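Undergrad: My questions all concern the structure below.
Only the coordinates and a few stated rules stand behind these numbers; no lab work does. Quantities reported herein were computed from a predicted structural model and do not represent experimental measurements. Virtual Cβ from ideal backbone geometry, glycine too; neighbours counted across all protein chains shown.
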Amino acid sequence: MEVFRLDKSAHQPKVVLDPESGNILFEGNLVAQNIRNFFDPIFDWCHRYFKAGAETANVEVRMPHYNTAASKMIVQMFCLLKNYEEDGAKINVDWFYVDEDEDMVELAHETEEVSGLKFNFHSM
């Protein structure tokens, strides 16, 4: 498997999915119009990564802002990772947030609750 990368732009975060290290990084705002086109290759990569026998994923989220459509897909992504955790994978999530943005902090905690994964929260 190869590393999957998306460059940061005004509408999407930098994304790096590294099968060698198991690191998954999202860094920047996500306000893309066609959110399905953004997430489909990420979901596909995750499926292939775990089907290839991966046992660990270290997810780092540094997204200070994302829109409602992105929020739904983010929850879906973490629910997918929870399924792999239930199958025996170890999923580590480090979620970085801006202290002053209470709405985004609340969304992060809701994502943790809905997905069933344990998040480690850090202030940026």
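Undergrad: For region 98-119, which positions are closer than 12 Å to Leu81 by Cα, part of a helix (DSSP H, G or I) and of a type in the set (D, E, K, R)?
TA: Within region 98-119, just Glu112 meets the criteria.
Undergrad: Quick check on my filter: what residues within region 45-69 are in contact with a Phe, Trp or Tyr (Cβ under 6 Å, 6 or more places away or on another chain) and either in a strand (DSSP E or B) or farther than 17 Å from Leu107 by Cβ (or both)?
TA: Trp45, Phe50, Val61, Arg62
Undergrad: From the list Asn37, Asn29, Asn23, pick out the single residue that is closer than 20 Å to His109 by Cβ and of a type in the set (S, T, N, Q).
TA: Result of the check over Asn37, Asn29, Asn23: Asn29.
Undergrad: Can you tell me which residue is nearest to the chain's Cα centre (by Cα) among those in region 32-46 that are surrounded by fewer than 16 Cβ atoms within 10 Å (Cβ to Cβ) and touching a residue at least 12 places away in the same chain (Cβ under 8 Å)?
TA: The qualifying residue nearest to the chain's Cα centre (by Cα) is Phe43.
Undergrad: Ser123 - would you say it is surrounded by 16 or more Cβ atoms within 10 Å (Cβ to Cβ) and either touching a Phe, Trp or Tyr at 6+ places or on another chain (Cβ under 9 Å) or among the small types (Gly, Ala, Ser) (or both)?
TA: So Ser123 does not fit the description; no.
Undergrad: Still on this structure: Taking the options Glu86, Glu102, name whichever one is farther than 24 Å from His11 by Cα and either β-branched (Val, Ile, Thr) or surrounded by fewer than 13 Cβ atoms within 10 Å (Cβ to Cβ) (or both).
TA: From the options Glu86, Glu102, the qualifying one is Glu86.
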